[in-house]
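See structure below.
The values are calculated or read from the model by the stated rules, or taken from the named source; none is laboratory data. Note that the structure is predicted; figures quoted are calculated from it, not measured. Methodologically, a virtual Cβ is constructed for each residue, glycine included, from the backbone with ideal geometry; neighbour enumeration extends over all protein chains shown. We work out accessible area using only protein heavy atoms, side chains counted, and drop any ligands, DNA or RNA first. Shrake-Rupley method; radii C 1.70, N 1.55, O 1.52, S 1.80 Å.
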Amino acid sequence: MENLQLRSFADYKKAYKKSITDPEAFWDEIATTFKWQKKWDSTLEWDFEKPEVKWFKGGKLNITENCLDRHLETLGNKTAIIWEPNDPDEESRYITYRQLFVKVSHFANVLKNNGIKKGDKVCLYMPMIPELAIAMLACARIGAVHSIVFAGFSSSAIARRINDSNCKMLVTANEVYRGAKKVNLKEMCDKALEETPGIETVIVYRRTVEPTPMKEGRDKFWFDELQKAEKECPAEVMDAEDLLFILYTSGSTGKPKGMVHTVGGYMVGTTYTFQNVFQLEKDDVYWCTADIGWITGHSYIIYGPLASGATTVMFEGIPSYPDYGRFWDIVDKLKVTHFYTAPTAIRSLAKQPLNFVESHDLSSLKVLGSVGEPINEEAWHWYNDNIGKGNCPVVDTWWQTETGAIMISPLAGITPTRPTFATLPLPGVQPALMDDQGEEIPNTSEPVEGRLAIKFPWPSIARTIYGDHQRYKEVYFSTFKNKYFTGDGAYRDATGNYRITGRVDDIVIVSGHNLGTAAIENAIDEHEHVVESAVVGFPHEVKGNALYAYVILYNKVEPSEELEKEIKNIVSQTLGPIAKPEKIQFVSGLPKTRSGKIMRRILRKIASNDTENLGDTSTLLNPEVVEEIKSGALN
Ligand code: WTA
């Protein structure tokens, strides 16, 4: 199924032009290649003022018919998913398209038997096992909305997300293997469930044989429920604009944003970009190392690859277990052709001795991908030279949870690549760089830098923030008139190639994970001895960025290592270990403007050890505090 692929740079340029001059005709033609139960009435209706975007309105379809049913005749025996377990001695699982179809239909009936209907929300908190893919597709099969919560999040983070999206059911596993550790997911869920009155049923997949405490009437084992369920399940008829899933991403206030994606446009967008960016051939083996708990896993482990009839790898473990050669061991073992990972993983592997790479045969590789944060030049070269051996195009793919699909990226083997550049917009994507006055910087042959916005809707744009359309409007459509604001800064060179320079808002990307500093501050402020805190990012060799917390303690409380630990623990418990600050500095005050706003720019500079150029501090309410913070006097 490579029917949507552009084959040459000339093809790309032609497609791009058409996508701009006649976007509706462009997407119409692409959408027609999918399986629809009824064709749409209008291709696009939009209004960025409201804001409202509708693609393929009136069209009826089910995304699982596109990911499964339509492949059965031609690709029924092809491997859809190869699952690689945490422990290299445990056997891999190969699941064909036909088997996946049967498993999804079967589990869809488990959902139905437990009262889940079209439109109901189901929270999935699961490890990277095929059952996660099965559960998400089963939801889509019956029109239930999945809300996947990354299995590294803490109990209170799960509870918050469950309550925000009114989930009725939770699907989880008893335990998860993560390297040499075992984590008890069910225990995390049980704690979360104390605060989630809406959950009626919990389905528990047994990943390990350990006994699992179950609550009578509420908790049910996956396998027991399968025994009671029919195997066949017709696909629910969905409107193109019906909800497919909700996925939370951090915001610049403490509350996470439940981004809403709808069936039709998301399917068309992820599939089109998957095929064009990666350029898979028939028997290729594609591996994206992301967790399905993030958008990259949704779009490029599951929906894009499966709708394309590709073979997609799911890996349960971590890159360092049993040793730092694990990724390369898997590439060798499964003969992976396409490998898609994050710069933070590349940097951490690049620090290891090269024999972890050299002891494996990587000659199956054809294409390398990068996602989640800017890839620095050094990491790019290491990846290109040592993994790709100079023979594999590196596609640096820029996109967001909100965009649903890749927006700016080379097409493998087609677009000329350049280290650190995400290069050119995909067909259908109209980027704009905005200056400090909020005006668009004209697209001339001058190199320019600005804030990155998008001028025209694309099919997989998130339609709203669940339950808070006003916030959707404020965050994405109020900074620039009639444009979607990405929150990123970018540079455009004389040839129109883009390099993403990083976030320009209060979101910090740590190891490829978006973290809102406000949520972390809220967690820190929960500590009984803390008056106020400010969290900023600073450059980190492996993680890209790390977090630096400035904390004001109540009078008479002495700073101590113990206190530092307690603060880190609070963050870990509230949000999950990924949000833990790397450094904590106790301060007597925070630099504030006269209107009481914290001057984060100054704090960012101090955290980055760039104290020469702090800019004008005279407008601060309390300039003297800057000197104290610089000297680290309280620590
Ligand atoms: C950043 C992940 C530079 C960016 C798909 C964006 C990138 C945020 C790249 C979205 C890239 C993602 N180069 N920066 N190739 N890809 N980003 O929602 O700041 O987890 O806004 O989506 O990651 O992160 P999210």
When you go through (1) in contact (Cβ under 8 Å) with a residue 40 or more places away in the chain; (2) in the same structural domain as Val260 (by TED's automatic domain parsing); (3) closer than 24 Å to Thr262 by Cβ; (4) not hydrophobic (A, V, I, L, M, F, W, C) one by one for Asp69, which number turns out not to apply? (2)
Within the bounds of segment 240-254, is there any residue that is outside the structural domain of Ile162 (by TED's automatic domain parsing), within 16 Å of the ligand (Cβ to nearest atom), more than 19 Å from Gly404 (Cα to Cα) and within 30 Å of the chain's Cα centre (by Cα)? yes
In segment 508-520, anything within 12 Å of the ligand (Cβ to nearest atom) and of a type in the set (A, V, I, L, M) is listed as Val508, Ile509, Val510, Leu515
Heads up, the helices (runs of 4 or more DSSP H) in segment 318-394 (entirely inside) with at least 3 residues that are in contact (Cβ under 8 Å) with a residue 60 or more places away in the chain, within 16 Å of the ligand (Cβ to nearest atom) and touching a Gly at 6+ places or on another chain (Cβ under 8 Å) are 343-350
So if I check each of Asn443, Asn522, which one is outside any loop (DSSP other than H, G, I, E, B) and surrounded by fewer than 22 Cβ atoms within 10 Å (Cβ to Cβ)? Asn522
Look through segment 490-507, keep the residues that are open to solvent by less than 30 Å² (accessible area, probe 1.4 Å) and at pLDDT 95 or above, and return whichever of them is nearest to the ligand (Cβ to nearest atom). Ile500
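In segment 549-599, which residue that is modelled with pLDDT under 90 and open to solvent by 70 Å² or more (accessible area, probe 1.4 Å) is nearest to Val504 (Cα to Cα)? Can you show your working first?
Step one: of segment 549-599, the residues modelled with pLDDT under 90 are 555-556, 592-599.
Filter once more, keeping what is open to solvent by 70 Å² or more (accessible area, probe 1.4 Å): 555-556, 594-595, 597.
Details: Asn555: 34, Lys556: 37, Arg594: 22, Ser595: 21, Lys597: 17 Å.
Per the stated criteria, the residue is Lys597.
Quick one: which of His261, His298 is within 16 Å of the ligand (Cβ to nearest atom) and farther than 14 Å from Trp399 by Cα?
Numbers: His298 fails: farther than 14 Å from Trp399 by Cα.
Only one candidate passes the filter, namely His261.
Inside segment 410-422, can you point out the residues that are at positive phi and within 12 Å of the ligand (Cβ to nearest atom)? Working first, answer last.
So the first thing to find is which residues in segment 410-422 are at positive phi, and the list is 413, 420.
Selection gives Thr420 alone.
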If a residue has to be open to solvent by less than 10 Å² (accessible area, probe 1.4 Å), free of Cβ contacts under 8 Å to residues at least 60 places away in the same chain and under 30 Å from Ala350 (Cβ atoms) to count, how many in segment 525-548 make the cut? 3
All but one of (1) under 19 Å from Leu4 (Cβ atoms); (2) open to solvent by less than 10 Å² (accessible area, probe 1.4 Å) hold for Met259, so report the exception by its number. (1)
Considering every residue within segment 600-607, establish whether at least one is part of a loop (DSSP other than H, G, I, E, B) and either in contact with a Gly (Cβ under 9 Å, 6 or more places away or on another chain) or modelled with pLDDT of 95 or more (or both). no
